[in-house]
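Some notes on the structure that comes next.
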Amino acid sequence: GLVFAYTAEGVFRTGVGQWEQAQLILHASEQVSERAADPQGVELTHTLQGHLLHCVGEFEASLELHERVRASARSRGNHQHECWSDLGMGRSQLDLGRPEAAAVSLQSALRLAQEDKLALQAAHGLLARCYVELSRLDDAIEHAEHAAKLLQGRPPVFIALHADEGISAVREAQYRHTRYPQIKRHLLRASRNLKRRAGAFPAMQPLALW
């Protein structure tokens, strides 16, 4: 219905960097959901508002909103919304310099993702980056490999660029440790993939500036 239309437009406008328009359309979705006493719609809208907050650098606010959604989703047994809340929390915790907490959130998201390919892409990519930051390179490589497999043959979606982000972080860490020419080639390819796919989504272009 109307909430689906609002949230679909909100996702699009967030991905292309139209922050104010995305904020307005998601606020409308929130109002409709609350008037209808629709917890599913409220959780979905708040999840997308959390993504928007993160994209504009409001990491603490994004984390708090995802925590609220997770509590609501858990109380209703909605594992999909709980999964995406854990993903949002882990991403914000990473960017707030809390990789240990991020690892807990992201592993929870991975357990809940089941067959949600998009959530799996993002979770593996973010975990790869997380474990690089924790100097657990073997674990980081394992998650980067999972992310790479999940990306094969799939059209780019802005949230899935976290898979490319994780792969690039791992290749950079490997090259720092070994300086092998083969690893350098992998690093350059990962960097090109990230920059190419991020070019379609202004919301994610900062990822390509590492």
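The values are calculated or read from the model by the stated rules, or taken from the named source; none is laboratory data. Predicted model, so just to flag it, every value in this text is computed and none were measured. Cβ atoms come from the backbone with ideal geometry, glycine included; neighbour counts cover every protein chain shown. Surface areas here come from the heavy atoms of the whole protein model, side chains and all, with no ligands, DNA or RNA. Shrake-Rupley method; radii C 1.70, N 1.55, O 1.52, S 1.80 Å.
A simple packing score, the average count of other Cβ atoms within 10 Å per residue, orders the peptides 166-176, 20-30 as 166-176, 20-30, with the highest score first.
Take the Cβ atoms of Glu142 and Val16, set R0 to 30 Å, and the FRET efficiency comes out at 0.35. Taking every alpha-carbon pair under 8 Å whose residues sit at least 6 apart, region 45-113 reaches a relative contact order of 29 percent. Solvent-accessible area of region 41-116 (1.4 angstrom probe, protein heavy atoms only): carbon and sulfur portion equals 50 percent.
Peptide packing: for 119-131, 41-53, the average count of neighbouring Cβ atoms within 10 Å per residue gives the ranking 119-131, 41-53, highest mean first. Compactness of region 1-127 is given as radius of gyration and Dmax, 13.8, 40 Å, from Cα positions. Counting only protein heavy atoms and a 1.4 Å probe, region 19-161 has 46 square angstrom of accessible area per residue. Normalising the average separation of contacting C-alpha pairs (under 8 angstrom, six or more residues apart) by the number of residues puts the relative contact order of region 1-88 at 23 percent. Around the amide H of Asn78, modelled in the peptide plane, lies no amide H under 5 Å away from a residue 5 or more places distant or on another chain. Taking the alpha-carbon centroid of each part, what is the distance from region 105-120 to region 30-98 in angstrom? Taking the Cα centre of each part, region 105-120 and region 30-98 sit 15 Å apart.
In order along region 121-135, the Karplus-derived 3J(HN,Hα) couplings, from 6.51 cos²θ - 1.76 cosθ + 1.60 at θ = phi - 60°, round to 4, 5, 5, 5, x, 5, 5, 4, 5, 4, 6, 4, 5, 8, 6 Hz, and Gly and Pro are given as x. The phi-based Karplus calculation (6.51 cos²θ - 1.76 cosθ + 1.60; θ = phi - 60°) puts the 3J(HN,Hα) values of region 94-106 at 4, 6, 8, x, 10, x, 5, 5, 4, 4, 5, 4, 6 Hz, whole numbers, x for Gly and Pro.
List the GluC sites (Glu not before Pro) within region 69-135 that fall in a DSSP loop (any state other than H, G, I, E or B) and whose Cβ has at most 10 other Cβ atoms within 10 Å. Filter output for region 69-135: Glu115. When you restrict to C-alpha pairs under 8 Å that are six or more residues apart and normalise by the size of region 12-147, the relative contact order lands at 15 percent. Taking amide hydrogens as placed 1.01 Å from N in the peptide plane, the amide H of Gly17 sits under 5 Å from those of Ala203, each at least 5 positions away in sequence or on another chain.
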